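The values are calculated or read from the model by the stated rules, or taken from the named source; none is laboratory data. Since the model is a prediction, treat every value here as computed from it, not as a measurement. So basically every Cβ, Gly included, is an ideal-geometry build from the backbone, and we count neighbours across all protein chains shown. Just so you know, the surface numbers come from the protein's heavy atoms only, side chains and all, with ligands and any DNA or RNA stripped out. Shrake-Rupley method; radii C 1.70, N 1.55, O 1.52, S 1.80 Å.
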Amino acid sequence: MQLEVNYRPAGFDSTLNKAVLPNNDIPINETQYSQNSSEPKEDSKKSVGLQLLETMVTGGYEHPYDTSVWAPLTDKANCYAYMLNISTYSGHKLQPGEKAGNTFSSLTTTSIINAAQADMPYLSKSIRSSSYSEVPGYREYKVALVIAPNYDYHWYRQDADGGWSHKRGLTAIDFRDASGISIRNPQTANRNYGNGLNYSTFSGWYIIKY
């Protein structure tokens with residue numbers, strides 16, 4: 001289950017069994033896509049809920065959903081890195097605030113968002129609050145934050161096809177929720193993965209500009 005969790009105490013990487021690199025030395029690689037790299041999404045469930053019928057607006061600058069691009073990066077990005085479209089190094093789970101040298105201090109919306117905002121200048125990006133209905137602008141896309149109280153946080157990002165995808169810890173990217181249904185709205189999707197990983201707190205919509 002450790003692979004599926006996005007959080008790891010700051011300052012130590014148990015997978016590599018060594019101290020995490022200083023924030024200025026953490027390598028950041030922007031994910032690159034080829035033309036027409038989007039792939040079709042097929043539900044693992046024959047019968048899907050009303051969520052599948054929902055289509056949220058897009059701005060035209062969302063990244064595609066592409067498992068072939070992300071497969072080599074599976075152990076180099078958690079949900080935070082994936083929603084930012086970046087990767088780091090093998091076994092590392094990038095934390096909000098880590099690049100800025102001050103990782104979030106508590107599993108609360110305010111702490112995580114403040115830490116993420118501090119990272120953005122180091123990543124040549126920005127993050128701001130948004131809403132369900134806002135249309136992203138030039139080089140922008142929508143993301144959503146959820147929290148499993150006292151346990152973990154999780155991010156989703158909207159894809160070029162209007163659906164949503166995510167990356168649970170150091171596992172493969174996925175476009176389905178805990179019920180195996182395509183995510184059309186992270187707020188209404190099933191976010192209860194069991195074993196304490198119930199992301200019951202919806203912490204809002206945000207816009208990433210890159």
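Across segment 51-103, which residue is farthest from Pro27 (Cα to Cα) among those that are of a type in the set (Phe, Trp, Tyr) and open to solvent by 20 Å² or more (accessible area, probe 1.4 Å)?
Tyr61
Considering (1) more than 14 Å from the chain's Cα centre (by Cα); (2) part of a helix (DSSP H, G or I), say which one Tyr89 fails and leave the rest.
Going through the list (1) more than 14 Å from the chain's Cα centre (by Cα); (2) part of a helix (DSSP H, G or I), Tyr89 breaks only (2).
Within the set of pairs 6+ apart or on separate chains, which have a first residue in segment 98-111 that is touching a residue at least 40 places away in the same chain (Cβ under 8 Å), a second that is crowded, with 16+ Cβ neighbours inside 10 Å and among the hydroxyl-bearing types (Ser, Thr, Tyr), and C-beta atoms under 7 Å apart?
Filtered contacts from segment 98-111: Leu107/Tyr153; Thr109/Ser203.
If you go through segment 164-182, how many residues are at pLDDT 95 or above and in contact with a Phe, Trp or Tyr (Cβ under 8 Å, 6 or more places away or on another chain)?
Residues that pass the stated criteria total 9.
If a residue has to be of a type in the set (Phe, Trp, Tyr) and either assigned to a loop (DSSP other than H, G, I, E, B) or open to solvent by 50 Å² or more (accessible area, probe 1.4 Å) (or both) to count, how many in segment 128-181 make the cut?
Residues meeting the conditions: 4.
For Asp119, work out the one condition from (1) farther than 20 Å from Tyr33 by Cβ; (2) open to solvent by less than 30 Å² (accessible area, probe 1.4 Å); (3) outside any helix (DSSP H, G or I); (4) touching a Pro at 6+ places or on another chain (Cβ under 9 Å) it doesn't fulfil.
Only one criterion is unmet by Asp119, namely (3).
Pairs, please: C-beta under 6 Å, at least 6 apart or cross-chain, first residue within 24 Å of Glu98 (Cβ to Cβ) and in segment 62-78, second open to solvent by 50 Å² or more (accessible area, probe 1.4 Å) and of a type in the set (A, V, I, L, M)?
Thr74/Ala172
Which members of segment 186-202 meet the condition of being surrounded by fewer than 19 Cβ atoms within 10 Å (Cβ to Cβ) and in contact (Cβ under 8 Å) with a residue 40 or more places away in the chain?
Gln187, Thr188, Tyr193, Asn195, Gly196, Asn198, Ser200, Thr201, Phe202
Do we find a residue being at pLDDT 80 or above and either farther than 28 Å from Pro121 by Cβ or of a type in the set (Val, Ile, Thr) (or both) anywhere in segment 39-46?
yes
Does at least one position in segment 11-26 carry a residue that is within 20 Å of the chain's Cα centre (by Cα), modelled with pLDDT under 95, loosely packed, with under 12 Cβ neighbours inside 10 Å and at negative phi?
No.
So Ala178 ticks every box in (1) within 27 Å of Ser38 (Cβ to Cβ); (2) in contact (Cβ under 8 Å) with a residue 24 or more places away in the chain; (3) hydrophobic (A, V, I, L, M, F, W, C) but one. Which box is left unticked?
(2)
Evaluate the following for Thr110: is it among the β-branched types (Val, Ile, Thr), open to solvent by 70 Å² or more (accessible area, probe 1.4 Å) and modelled with pLDDT of 90 or more? First the steps, then the outcome.
Numbers: among the β-branched types (Val, Ile, Thr): yes; open to solvent by 70 Å² or more (accessible area, probe 1.4 Å): yes; modelled with pLDDT of 90 or more: yes.
Answer is yes for this residue.
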